[in-house]
1. Can you list residues whose amide H is under 5 Å from GLY134's amide H, if they're 5+ apart or on another chain and H is modeled 1.01 Å from N?
2. Work the Kirkwood hydrodynamic radius out for the stretch 131-257: mean of 1/r over every pair of different alpha-carbon atoms, inverted, in Å.
3. Just one of (i) 1, 6, 12, 16, 18, 15, 11, 8, 6, 4, 2, 1, 0, 0, 0; (ii) 1, 5, 10, 12, 13, 11, 10, 8, 7, 6, 5, 5, 4, 3, 1, 1, 0, 0; (iii) 1, 5, 10, 12, 13, 12, 12, 11, 9, 7, 5, 2, 1, 0, 0 is P(r) over Cα pairs in 5 Å bins from 0, in percent calculated from these coordinates, so which is it?
4. Counting other beta carbons within 10 Å of each residue's own, what order do LEU265, LEU37, LEU59 fall into, fewest first?
5. For each of MET166, MET231, MET23, count neighbouring Cβ atoms within 10 Å of the residue's Cβ, then give the residues from fewest to most.
6. Take a quick pass over the chain and tell me how many lysine pairs come in under 24 angstrom between Cα atoms, counting only ones 8 or more apart or on separate chains.
7. In which sequence would VAL28, VAL240, VAL202, VAL229 go, from the one with the fewest C-beta neighbours within 10 Å to the one with the most?
8. In sequence order, what are the phi-derived ³J(HN,Hα) couplings for the stretch 205-213 according to the Karplus relation 6.51 cos²θ - 1.76 cosθ + 1.60 with θ = phi - 60°, rounded to whole Hz, with x for glycine and proline?
Amino acid sequence: MVRPPMAKLKSTDFETSRDNDEMRNVDVTLDFTPNALASVLYKQGDTVVLACCTKQSNLPRWFPRDANRGWIHAEYCLLPGSTDSRFQRERRGAKGRTYEIERLIARALRGAIDLDALGPVALTIDCDVLNADGGTRCASITAANIALRLAIRRLIASGDSLPQDMRPTHEQKKSGWVAPKLDEDARKKHERTILPHDIAAVSVGLVDGETYLDLDYILDSNADVDMNVVMTSDGRFIEVQSTGEESTYSRSELNALVDLSEAGLKQIHEIQANTLDGIE
């Protein structure tokens, strides 16, 4: 069941077909849009996100002219047909909730990547929500990571991202320098240097005193406490957002929510790794 993202109306009688600690089904399709450097159609239950990673022609204007590090920018959008009532396009730029989510996605990605190792490359990750049924920001972060890793892998293969000691000087670029081809081991090593660990996000919450994993719209609307957790695949936190919805919660309940999120994120990280295993 899909509802407008802004309307959180609690129900005294709701049902869920999942166990409290059960994730929604996740399905990933790579290269859904062939024009992007890397794209991912990511489905988590009835929430559907299209994440596309593109390489910009230049670094941001505020970068030094001789910059030797990269940049990651992210944009997020709820498409008009993604909710029951049409979500109006933000034609004058992101604001409010959208701007907050864009900053969260970009901040999360930049927290996991080594921009110096990436080199002077600017990447933009566009996360477009095709269907919203709760957890859209978390699904966007998870999908964006898959697209980002695949894009980095391809930039390394094409010679657009090289180890620092192999990058051309300005004079070499002007004289027709050709990027060297790294062997498989060198490509994998450079990828691990740039993005050592995957990142993923999941929502958890307290509903009538019970903890629930991976909140869909119904669970989110009835949650007394909801939390979004962003974590690396080696178990380090990037962001924890927890809010009492006209309610309070104890330290033990906080710990229980974090523990439940870790269990869910472990499953998502396995899906991310399996999805990209052997993909070029």
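1. TYR217
2. Hydrodynamic radius (Kirkwood, Cα only) of the stretch 131-257 equals 17.6 Å.
3. Derived directly from the coordinates: (i).
4. Fewest to most other Cβ atoms nearby, the residues stand as LEU59, LEU37, LEU265.
5. Neighbour counts put them in this order, fewest first: MET166, MET23, MET231.
6. Close lysine pairs found across the chain: 12.
7. VAL240, VAL28, VAL229, VAL202
8. Couplings: x, 9, 10, 6, x, 10, 7, 10, 9 Hz.
Every read-out reported here was derived from the displayed coordinates using simple, explicitly stated rules and does not represent laboratory data. Quick caveat: nothing in here was measured; it's all calculated off a predicted structure. Glycine also receives a Cβ, built like all others from the backbone with ideal geometry; neighbour counts cover every protein chain displayed.
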